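Structure first, then comments.
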Amino acid sequence: MASVLIGVFRPPAGGGRLQIPIHLPTRTGRVSRVTMRDRAKNRKPPQRGRYLSVEAIQAVQALKRGERMGGRESVEMAMQARVRRLVKRDMMAVLGELQSQGEALLAQQVFEEVRKEHWYKPQLSVYVNMITVLASNGLYKELDQICSYLKKEQWEADTEGFNSLLKTLFEFGFTQTAMDCFRLMKLWESEPDALTYRILIHGLELKGEADLSVPIREEAKEHFGGNLDFLDEKEETAPSYICRSW
């Protein structure tokens, strides 16, 4: 009876098959060659985007289960047991996951917890996501609360973030809030750019607020030396934000 000998080879540079000769006991004494596929080729490529730890996944599941079972009291128990103990990366991941799933009320409650943390630092991207999920679910009372927080925060200069905020507010029809945020933008020294004025002027005119757009046009003329050709340019797509940890 022939002995069994397994040869180990490195996989080809471009993947493919591993050729492993195995000597099997046969009546004829012939060598049987077995071809094995490189398992590395079956692995899925790394996926970009959100990454949730086990703790974050359990927190999301506990919150959703609590909401189904008993409402506010059960959610509070899940918040105490699963959310408040999380490190900031996981807590922000929970918030982002709830937003992405359209769980507006749960996201709003987690956001309240986030604002209490010692590491909290306001991010316009987080507010854009909160406004989007609340407005999409018709939760205007909660949305008013979020906007009141937004106006009281201390902001760093972030023209791109404010542009995304303005665009989102106009998309959901919150014209006055958009104008308030434009003033807030300048208050915190975020320099308006061409996209800022294009969002404002087009947004106001589409909402039938031509009178409000007149002073904005005049301001834009002064800002850009009388040249408003940028208004006819194709509007850039504001960045789509995903809640990220700090």
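The values are calculated or read from the model by the stated rules, or taken from the named source; none is laboratory data. No experiment lies behind these values; they were computed from the predicted model shown. Backbone-built Cβ (ideal geometry, glycine too); neighbour counts: all protein chains shown. These area figures cover heavy atoms from the full protein model, side chains too; ligands, DNA and RNA do not enter into them. Shrake-Rupley method; radii C 1.70, N 1.55, O 1.52, S 1.80 Å.
Side notes on the structure shown:
- Taking region 180-210 as the range and being in contact (Cβ under 8 Å) with a residue 12 or more places away in the chain, open to solvent by 20 Å² or more (accessible area, probe 1.4 Å) and under 26 Å from G138 (Cα atoms) as the test, the residues that pass are D180, H202, L206, K207, E209.
- L86 vs. criteria in a helix (DSSP H, G or I) and either surrounded by fewer than 21 Cβ atoms within 10 Å (Cβ to Cβ) or among the aliphatic types (A, V, I, L, M) (or both): no
- Filtering E153, E171 for residues that are within 15 Å of L124 (Cβ to Cβ), among the acidic types (D, E) and modelled with pLDDT of 95 or more leaves a single hit, E153.
- Residue in region 132-155 that is among the charged types (D, E, K, R), assigned to a loop (DSSP other than H, G, I, E, B) and open to solvent by less than 50 Å² (accessible area, probe 1.4 Å) present: yes
- Of the residues making up region 158-179, those that are farther than 14 Å from L204 by Cβ, open to solvent by 20 Å² or more (accessible area, probe 1.4 Å) and not in a loop (DSSP other than H, G, I, E, B) number 2.
- Check on L212, at pLDDT 90 or above, under 31 Å from the mean Cα position of the chain (by Cα) and not polar (S, T, N, Q): no
- In region 130-179, the residues that are in contact with a Gly (Cβ under 9 Å, 6 or more places away or on another chain) and either over 23 Å from R198 (Cβ atoms) or aliphatic (A, V, I, L, M) (or both): V133, A135, S136, N137, L166, L169, A178
- Residue that is modelled with the highest pLDDT, among those in region 37-71 that are under 18 Å from A104 (Cβ atoms) and exposed (fewer than 12 other Cβ atoms within 10 Å of the Cβ): R68
- Residue check, E112 more than 13 Å from the chain's Cα centre (by Cα) and not aliphatic (A, V, I, L, M): yes
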